[in-house]
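Engineer: Below you will find the structure I want to go over with you.
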Amino acid sequence: MATSDAVVLDSAGLHRLVDELRGRGYRVVGPTLRDNAIVLAELDGADDLPYGWGVDVAPGTYTLRRREDRAAFGHSSGPQSWKQFLHPPRKKLWSCGPDGVDSAAEPEPRYAFLGVRGCDLAAMGVLDRVLSGGEHPDGSYVGRRRQVFVVAVNCTEPGRLCFCASMATGPACRGGYDLVLTERADGAELDYVVEAGSPAGAEVLAAVPQRAADLAEVSAAADAVVAAGTRMGRRMPDGDLRQLLIESRESPHWADVANRCLTCGNCTMVCPTCFCTSTADVTDLAGEHAERWMEWASCFELDFTFVHEGPVRRSGPSRYRHWLTHKLSSWHDQFGTSGCVGCGRCIAWCPTGIDITEEMATFARLADDND
């Protein structure tokens, strides 16, 4: 079949899709219910998906709720992103014992990601440019990314903190996937309008029970995604955000934000595009074995900019300003794109409820007042 032809899978077809991917040697990772949250984890089958569960999110708040249907993908972003599987939070770089350096590298896992939203698909594209591009690509990231099979899901029900539409990253998935699904839930009945986005996706889809989608089904699925774009819970202000932050560098509003910011780094840990790391060397008590580990780091840590006898950014306002300005402004200069994809995680998981869209709106208002 042509990769642009749409088909329909029923619930049994979705189960067969997961089984087909597992049968091809992929470790299928998708959303599942655990510890009072919808998290990303390896699935034994499609039964592990969070059927009938949604989430209510607000600044500093995340709660589960029962849906009136059995939708498997009727929820917005949770505390995790796909970054953790491509760019792990902790990874051993080498180890050394009495016999020398252990150079035996573990094979990179073959993942199939099930349920990647438009915002997270865009985030993976950002990480590709950061960690795969340039003269010194991250070999571990490249090895993992090369093997990933992506099953994306178009959003039809955005959360209260989503603002992907104003960042031009969703709710529709915009390429970079092998398959893309649009879920249609009617009570207990579920089906999925599916399109292939790559030859590998078309090959997998051909092995799954399906039927051709008619024009009305394709149009209805597309309309539901377009409608979701009009129901975003948040939006970024219009205009050139990069230039706005350049002009707001000395704004007194940074101090106001810092009065609320705990510099805990939660926003950087849940952000799907933050990529900074540090290294740690550890030894056993006998001093016979040593290891070097790479670990996620945050620009909110006081030691992040430690040079010589002290950190460069000592104050909370300076660290928050660096994070926000890098994310929405200087990222363009480094990587040719914004570092924000509009997922809203940083708002939900900030313990004091700092809202990146409200802060940018305040900077825009202050800039207008000064004109």
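Engineer: Of these, TYR177, TYR192, which one is open to solvent by 10 Å² or more (accessible area, probe 1.4 Å) and aromatic (Phe, Trp, Tyr)?
Structural biologist: None of the other options fit; the residue is TYR177.
Engineer: Suppose the filter is modelled with pLDDT of 95 or more, surrounded by 12 or more Cβ atoms within 10 Å (Cβ to Cβ) and either part of a helix (DSSP H, G or I) or of a type in the set (Gly, Ala, Ser) (or both); does GLY201 pass it? Working first, answer last.
Structural biologist: Numbers: modelled with pLDDT of 95 or more: yes; surrounded by 12 or more Cβ atoms within 10 Å (Cβ to Cβ): yes; either part of a helix (DSSP H, G or I) or of a type in the set (Gly, Ala, Ser) (or both): yes.
Considered against the rule, which asks whether it is modelled with pLDDT of 95 or more, surrounded by 12 or more Cβ atoms within 10 Å (Cβ to Cβ) and either part of a helix (DSSP H, G or I) or of a type in the set (Gly, Ala, Ser) (or both), GLY201 comes out as yes.
Conditions tested, residue by residue: (1) basic (Lys, Arg); (2) modelled with pLDDT of 95 or more; (3) open to solvent by 10 Å² or more (accessible area, probe 1.4 Å).
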| position | (1), (2), (3) |
| --- | --- |
| VAL39 | no, yes, yes |
| ASP48 | no, yes, yes |
| TRP53 | no, yes, yes |
| ALA72 | no, yes, no |
| VAL101 | no, no, yes |
| PHE113 | no, yes, no |
| VAL116 | no, yes, no |
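Engineer: Please enumerate the residues belonging to region 336-358 that are surrounded by fewer than 17 Cβ atoms within 10 Å (Cβ to Cβ) and touching a residue at least 24 places away in the same chain (Cβ under 8 Å).
Structural biologist: Once the filter is applied, which keeps residues that are surrounded by fewer than 17 Cβ atoms within 10 Å (Cβ to Cβ) and touching a residue at least 24 places away in the same chain (Cβ under 8 Å), region 336-358 yields GLY336, THR337, PRO351, THR352, GLY353.
Engineer: Kindly indicate whether VAL180 is over 16 Å from SER81 (Cβ atoms), among the hydrophobic types (A, V, I, L, M, F, W, C), free of Cβ contacts under 8 Å to residues at least 40 places away in the same chain and outside any helix (DSSP H, G or I).
Structural biologist: Considered against the rule, which asks whether it is over 16 Å from SER81 (Cβ atoms), among the hydrophobic types (A, V, I, L, M, F, W, C), free of Cβ contacts under 8 Å to residues at least 40 places away in the same chain and outside any helix (DSSP H, G or I), VAL180 comes out as yes.
Engineer: Quick one: what pairs do we get from region 3-26, first residue surrounded by fewer than 17 Cβ atoms within 10 Å (Cβ to Cβ) and of a type in the set (Lys, Arg), second at pLDDT 95 or above and not in a helix (DSSP H, G or I), C-beta under 6 Å, 6+ apart or different chains?
Structural biologist: So the pair list comes out as ARG22/VAL28.
Engineer: How many residues does region 282-317 contain that are within 22 Å of LEU93 (Cβ to Cβ), open to solvent by 80 Å² or more (accessible area, probe 1.4 Å) and free of Cβ contacts under 8 Å to residues at least 12 places away in the same chain?
Structural biologist: 4
Engineer: Then there is this: Scan region 318-335 and tell me whether some residue there is more than 22 Å from the chain's Cα centre (by Cα), over 28 Å from GLY133 (Cβ atoms), at pLDDT below 95 and open to solvent by 60 Å² or more (accessible area, probe 1.4 Å).
Structural biologist: The answer is no, given that none of the residues of region 318-335 is more than 22 Å from the chain's Cα centre (by Cα), over 28 Å from GLY133 (Cβ atoms), at pLDDT below 95 and open to solvent by 60 Å² or more (accessible area, probe 1.4 Å).
Engineer: Additional query: Listed residues PRO109, PRO59; which is in contact with a strand residue (DSSP E or B) (Cβ under 9 Å, 6 or more places away or on another chain) and more than 24 Å from THR337 (Cα to Cα)?
Structural biologist: PRO109
Engineer: If we scan region 55-62, do we find a residue that is open to solvent by 10 Å² or more (accessible area, probe 1.4 Å) and in contact with a His (Cβ under 9 Å, 6 or more places away or on another chain)?
Structural biologist: Checked against the condition, which is being open to solvent by 10 Å² or more (accessible area, probe 1.4 Å) and in contact with a His (Cβ under 9 Å, 6 or more places away or on another chain), region 55-62 yields at least one hit.
Engineer: Which of the following residues is touching a residue at least 40 places away in the same chain (Cβ under 8 Å), outside any helix (DSSP H, G or I) and among the β-branched types (Val, Ile, Thr): THR268, THR279?
Structural biologist: Unique residue meeting the criteria: THR279.
The values are calculated or read from the model by the stated rules, or taken from the named source; none is laboratory data. None of the values given here were measured: they were computed from a predicted structure. We place every Cβ from the backbone using ideal geometry, glycine too, and count neighbours over all the protein chains shown. For accessibility, only protein heavy atoms count, side chains too; no ligands or nucleic acids. Shrake-Rupley method; radii C 1.70, N 1.55, O 1.52, S 1.80 Å.
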